[in-house]
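The values are calculated or read from the model by the stated rules, or taken from the named source; none is laboratory data. Note that the structure is a prediction, hence the values are computed from the model and not measured. Note that each Cβ is placed from the backbone with ideal geometry, even for glycine, and that neighbours are counted across all protein chains shown. Ligands, DNA and RNA are stripped out before the accessible areas are found, and what is left, the full protein with its side chains, is counted by its heavy atoms. Shrake-Rupley method; radii C 1.70, N 1.55, O 1.52, S 1.80 Å.
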Amino acid sequence: MRITHRIGGKAWTGIAQRTGDVYDPATGQVGGKVDFASAFDVDEAVTAAREAFSRWRNASLAQRANVMFAFRELLNARKSDLAEIITAEHGKVLSDAAGEIQRALEAVEFACGIPQLLKGGFSENASTRVDVYSIQQPLGVVGVISPFNFPAMVPLWFVPNAIACGNTVVLKPSEKDPSAANFLADLFAEAGLPDGVFNVVHGDKEAVDRILEHPQVKAVSFVGSTPIARYVYETGTRNGKRVQALGGAKNHMVVLPDADLDLAADAAVSAGFGSAGERCMAISVVVAVNPVGDELVGKISERIAGVHVGDGRRPGCEMGPLVTGAHRDRVRSYLDAGRSAGATLVVDGRGQPIDGDDAGFWLGPTLFDHVDVDMSIYTDEIFGPVLSVVRAPSYDAAVDVVNANPYGNGTAIFTNDGGAARRYQNEIEIGMVGVNVAIPVPVSYYSFGGWKDSLFGDSHAYGPHGVHFFTRAKVVTSRWLDPSHGGVNLGFPQNT
Ligand code: NAD
């Protein structure tokens, strides 16, 4: 199956110089070939978006909201079709794909309220018979560059707000699972979005670089790994663009001695191995505060034994394969690295039964104990089903571990002590904090973002920050019907 761009409301019909294989990770087979955009193809998409912008920026708020409502209804009605597309290219189990779409729907619902969100301020008689008011205007063409791990949700963190604010969009989704983006483009067209307002170009670095350089692209929202996020931020801002670049993560879950250890173990397994650990909000490190380590590791191991790994389309499967064979091999290499570094390999994911095709990109849930912060299994973002337990002698030592980590996306504390939880949320240098909640992804009317190496730029994703990011402010000072303007006066205007 050929997977191609959507430019100006149409499937692109050109001949691609370069293409990429798209795998079904549960079978290891190539399911499609995706066209890789050249700089010229990106220019076509930006031109289509630029032409559409001249009209879309003046579309009424009512029209924009109507399109978003229609899109929301279509997405809700077709979510099982989209979940199948995601599972076939990403590998996550169908229920997990459905969960991703549900969270994406929340972001669309937020954008349905755009008339309310774009209300400005008005000050009558700021000076005598002079009124002052603020308006938020769209930026123009914006680029969205997204990762493989949420092929529907992450684009929809940005695209609805960008469009509802009056911008037009060129989306460059991950080349590993590109079909969800085309599905979204087709739904937007069906919802009545004019041609050219939302365009999709597929590809790799070449397409990304052209988006970052193109003078008509005014802003870029990026999500992906930290080295690429840093590169996108530096390159995009150097070229005069507004950029928000969300990067990788190493999320810690601190378990205090007074915590409910069954709750904590359930949460660690769910958040560590859901989506095979390929979530930027996955828990990859459990910090067990003395003396709970042994008991907690025992409880986590028991639960891992019950995780059903297999083809996400088969009933009962809870964890699917990794996205590609290369990624699976990289993740698997950490099992030997961790053991050689001296960590205790409590559960080895290589030996577990798989309910799926032997050629799939499998690795079962893996648990390391007694991990030190200088081991590569701790320092690196593994992005797979490998959970590390670090032992900490005290609450203060646990906080020091988390705060010393260069990533700052999400964290959780498990405790029954409200005072300790409150202290943690105050002291921890992380953008999103869960209290007895392992994956604290904010609801769509807040915004999503990490600190430190997990986000470059000053705007978080979606919610109020999204509206701020995709608009620029204008303030108008006006005087009407005032014959007593005072004649010529070269002094600086003062309010009277
Ligand atoms: P990635 O950085 O490899 O790719 C992300 C995007 O950048 C893709 O569209 C890809 O085509 C493009 N890209 C890759 N290499 C590039 C290069 N050299 N130059 C320009 N563009 C390039 O990330 P991924 O593997 O697709 O996704 C997983 C990563 O994303 C993890 O690090 C994960 O933590 C992170 N992530 C972060 C968040 C967040 O909100 N902070 C959310 C989801 C995923």
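Of note:
- Residue check for residue 421: open to solvent by less than 30 Å² (accessible area, probe 1.4 Å) and assigned to a helix (DSSP H, G or I): yes
- Options 134, 123, 146; residue that is among the polar types (S, T, N, Q), at pLDDT 95 or above and under 18 Å from residue 104 (Cα atoms): 146
- Selected residue (only one of 441, 389 is touching a residue at least 40 places away in the same chain (Cβ under 8 Å) and over 21 Å from residue 303 (Cβ atoms)): 441
- Candidates in the range 374-401 are the residues that are outside any strand (DSSP E or B) and hydrophobic (A, V, I, L, M, F, W, C); of these, the one that is farthest from residue 269 (Cα to Cα) is 397.
- 2 or more residues more than 10 Å from the ligand (Cβ to nearest atom) and under 20 Å from the mean Cα position of the chain (by Cα): qualifying helices (runs of 4 or more DSSP H) within the range 214-310: 226-238, 261-273
- Identity of the residue in the range 128-160, more than 16 Å from the ligand (Cβ to nearest atom) and open to solvent by less than 10 Å² (accessible area, probe 1.4 Å), that ends up farthest from residue 42 (Cα to Cα): 160
- Any hit, the range 103-114, residues being of a type in the set (Asp, Glu), within 16 Å of the ligand (Cβ to nearest atom), open to solvent by 20 Å² or more (accessible area, probe 1.4 Å) and touching a residue at least 60 places away in the same chain (Cβ under 8 Å): yes
- Checked against the criteria, residue 198 does not count as surrounded by fewer than 24 Cβ atoms within 10 Å (Cβ to Cβ), more than 16 Å from the ligand (Cβ to nearest atom) and among the aromatic types (Phe, Trp, Tyr).
- Look at the range 42-71: where a residue is without any contact (Cβ under 8 Å) to a residue 60 or more places away in the chain and a partner is exposed (fewer than 15 other Cβ atoms within 10 Å of the Cβ), sitting 6+ places away or on another chain with Cβ atoms under 6 Å, you get 61/115.
- Residue in the range 470-489 that is at pLDDT 95 or above, under 15 Å from residue 220 (Cα atoms), hydrophobic (A, V, I, L, M, F, W, C) and within 16 Å of the ligand (Cβ to nearest atom) present: no
Residues are listed down the side, and each one gets a yes or a no for (1) outside the structural domain of residue 401 (by TED's automatic domain parsing); (2) surrounded by fewer than 20 Cβ atoms within 10 Å (Cβ to Cβ); (3) at pLDDT below 95; (4) touching a strand residue (DSSP E or B) at 6+ places or on another chain (Cβ under 6 Å):
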residue: 278; (1), (2), (3), (4): no, no, no, no
residue: 311; (1), (2), (3), (4): no, no, no, no
residue: 316; (1), (2), (3), (4): no, yes, no, no
residue: 327; (1), (2), (3), (4): no, no, no, no
residue: 333; (1), (2), (3), (4): no, yes, no, no
residue: 339; (1), (2), (3), (4): no, yes, no, yes
residue: 355; (1), (2), (3), (4): no, yes, no, yes
residue: 365; (1), (2), (3), (4): no, no, no, no
residue: 372; (1), (2), (3), (4): no, yes, no, no
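- Some residue of the range 27-40 being assigned to a helix (DSSP H, G or I), more than 22 Å from the chain's Cα centre (by Cα) and within 16 Å of residue 6 (Cα to Cα): yes
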